[in-house]
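The values are calculated or read from the model by the stated rules, or taken from the named source; none is laboratory data. Because the structure is predicted, anything quoted here is derived from the model rather than measured. Every residue, glycine as well, gets a Cβ built from its backbone with ideal geometry; the counts of neighbours run over all protein chains shown.
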Amino acid sequence: MTDSGKNINDRDLQTRIVQPKDRITPGFESFSVPVARASTVVFPDLATMRALTWSDDSKWRYGLHGTPTTIALAQRLAAIEGGEHALLQPSGLAAISNVYFGLVKAGDHVLVPDNAYSPNREHADWLAADFGLEVTYYDPMTGAGIADSIRPNTKLIWLEAPGSVTMEVQDVPAIVAVARAKGIVTAIDNTFSAGLAFKPFEHGVDISVQALTKYQSGGSDLLMGAVITRDIELHKKMKRARMRMGIGVSADDASLVLRSLPSMKTRYEAHDRTAFALAQWLKTRPEVAAVLHPALEDCPGHAFYERDFEGGAGGLFSIVFDGRYSAAQVDAFVEALELLSIGWSWGGSHSLAMPYNIRSMRTASQWPHEGVLVRLYIGLEAQEDLRADLEAALTKAFA
């Protein structure tokens, strides 16, 4: 843009309000990333505008594709995960959707673990029913046996370790080795570990999906997701799909996640300490038939957890009640809890509990337990208070 040379004070007041000449003082610094809100991005000249490409992650060309605030968050998330590129999404499910629409088309075959996050299953079923995708669900504990499920048109293998409800830990390196040998892309929902306890790229996974709604936010007050990669060509495919679907996130929400990231590891470790202590205690309760926590030796895939994870398991685990108790009694237990609220999601300060009918969620593997499963998320309340609450609810529901 050129300067007309007209004195600013000679312009109409309305023009001076819309186009003031004041600017933030260069050199200002603080610990927080400024919130840059924008739909339109203004360029100093046409040459600068024309030199930009949609694939350049370090520059901004339109608010939908990024601002300094959202780009700062994407860069930090990639660093935490051990990736090179990150794309922000308005939710974790949007991130999963981005992977599907960026990589597969009608006639392609996708493998999804039987313990996958339920909305991922629903998304795959929808794409199969309405868009011609072929979807097969596989036993999450199959390991290298995944080779038996691969078809000539298999293009994508999903992983989830641990499963966010049933907690099986997959043998990720074994599955990845089979996929790589056949040129198949692998994507993992790594929300459970927040990119802290499990580093998927170190184990050969191609794409990591995160629901930033969880530990990255830490406040149970926003929705966001991310698709993280190392390979630039995969990143371009994801970015092209995101652009065509018109997906973007608010700079204000991004700033809230940026504010929470410095405390994430400390919070994750605190959740882990309390959750593991309560999981060990619940194993001693006669009402409980099984405690599904990856750090416990009898949890499916525990050996893979010991081999591949570091830094704990956070606050999420499940318990399975003895089969002699009815679903109504388990519901009474959940409703008797005072400190553990009824609600989905996790990652915030407040503890949660949610019952699940696992048999209705399985199609490819046998669920070995007869009793009702309740997933517990352990927040930042005091361990002794949570234990007292759980004990009181157990006594009330099952006495």
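Some values worked out for this structure:
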item	result
Per-region count, the range 219-238, residues over 17 Å from the mean Cα position of the chain (by Cα) and either of a type in the set (Phe, Trp, Tyr) or buried (at least 21 other Cβ atoms within 10 Å of the Cβ) (or both)	1
Residue match in the range 242-250 (condition: among the hydrophobic types (A, V, I, L, M, F, W, C), at pLDDT 95 or above and either in contact with a Gly (Cβ under 7 Å, 6 or more places away or on another chain) or surrounded by fewer than 19 Cβ atoms within 10 Å (Cβ to Cβ) (or both))	no
Condition met for VAL320 (in contact with a Lys or Arg (Cβ under 7 Å, 6 or more places away or on another chain), at pLDDT 95 or above, assigned to a strand (DSSP E or B) and at negative phi)	no
Residue ID - farthest from VAL112 (Cα to Cα), chosen from residues in the range 147-197 that are within 15 Å of the chain's Cα centre (by Cα) and hydroxyl-bearing (Ser, Thr, Tyr)	SER193
Strands (runs of 3 or more DSSP E) within the range 72-176 that include 2 or more residues closer than 26 Å to ARG375 by Cβ and modelled with pLDDT of 95 or more	109-113, 134-138, 154-160
Any hit, the range 338-345, residues being surrounded by 20 or more Cβ atoms within 10 Å (Cβ to Cβ) and in contact with a Phe, Trp or Tyr (Cβ under 9 Å, 6 or more places away or on another chain)	yes
Odd one out for VAL169 among (1) touching a strand residue (DSSP E or B) at 6+ places or on another chain (Cβ under 9 Å); (2) of a type in the set (Val, Ile, Thr); (3) surrounded by 20 or more Cβ atoms within 10 Å (Cβ to Cβ)	(1)
Residue within the range 253-271 that is farther than 20 Å from GLN210 by Cα and touching a residue at least 24 places away in the same chain (Cβ under 8 Å) present	yes
Selection count where residues are in contact with a Leu (Cβ under 8 Å, 6 or more places away or on another chain) and on the phi > 0 side of the Ramachandran plot, scope the range 142-176	1
Residue within the range 269-289 that is touching a His at 6+ places or on another chain (Cβ under 6 Å) and small (Gly, Ala, Ser) present	yes
Contacts under 9 angstrom Cβ, first residue in the range 237-251 being closer than 14 Å to PRO90 by Cβ, partner among the charged types (D, E, K, R) and part of a helix (DSSP H, G or I), 6 or more apart	GLY248/ARG242
Subset of the range 303-319 [crowded, with 18+ Cβ neighbours inside 10 Å and either more than 19 Å from PRO355 (Cβ to Cβ) or within 20 Å of the chain's Cα centre (by Cα) (or both)]	PHE304, TYR305, ASP308, PHE309, GLY312, ALA313, GLY314, GLY315, LEU316, PHE317, SER318
Residues (crowded, with 19+ Cβ neighbours inside 10 Å and not aromatic (Phe, Trp, Tyr)) located in the range 110-132	VAL110, LEU111, VAL112, PRO113, ASP114, ASN115, ALA116, ASN120, ARG121, HIS123, ALA124, LEU127
Condition met for ALA95 (over 30 Å from GLY63 (Cβ atoms), crowded, with 23+ Cβ neighbours inside 10 Å, touching a residue at least 60 places away in the same chain (Cβ under 8 Å) and of a type in the set (Gly, Ala, Ser))	no
Per-region count, the range 357-388, residues of a type outside the set (A, V, I, L, M, F, W, C) and either at positive phi or out of contact with any helix residue (DSSP H, G or I) (no Cβ under 9 Å at 6 or more places or on another chain) (or both)	10
Total residues in the range 177-194, condition surrounded by fewer than 24 Cβ atoms within 10 Å (Cβ to Cβ) and part of a loop (DSSP other than H, G, I, E, B)	3
Residue in the range 281-297 that is among the aromatic types (Phe, Trp, Tyr), surrounded by 20 or more Cβ atoms within 10 Å (Cβ to Cβ) and assigned by TED's automatic domain parsing to the domain that holds PRO355 present	no
Number of the condition not met by ASP221 [criteria: (1) assigned to a loop (DSSP other than H, G, I, E, B); (2) charged (D, E, K, R); (3) in contact with a Ser or Thr (Cβ under 7 Å, 6 or more places away or on another chain)]	(3)
Out of GLY107, GLY102, sole residue that is surrounded by fewer than 18 Cβ atoms within 10 Å (Cβ to Cβ) and either out of contact with any Pro (no Cβ under 7 Å at 6 or more places or on another chain) or among the hydrophobic types (A, V, I, L, M, F, W, C) (or both)	GLY107
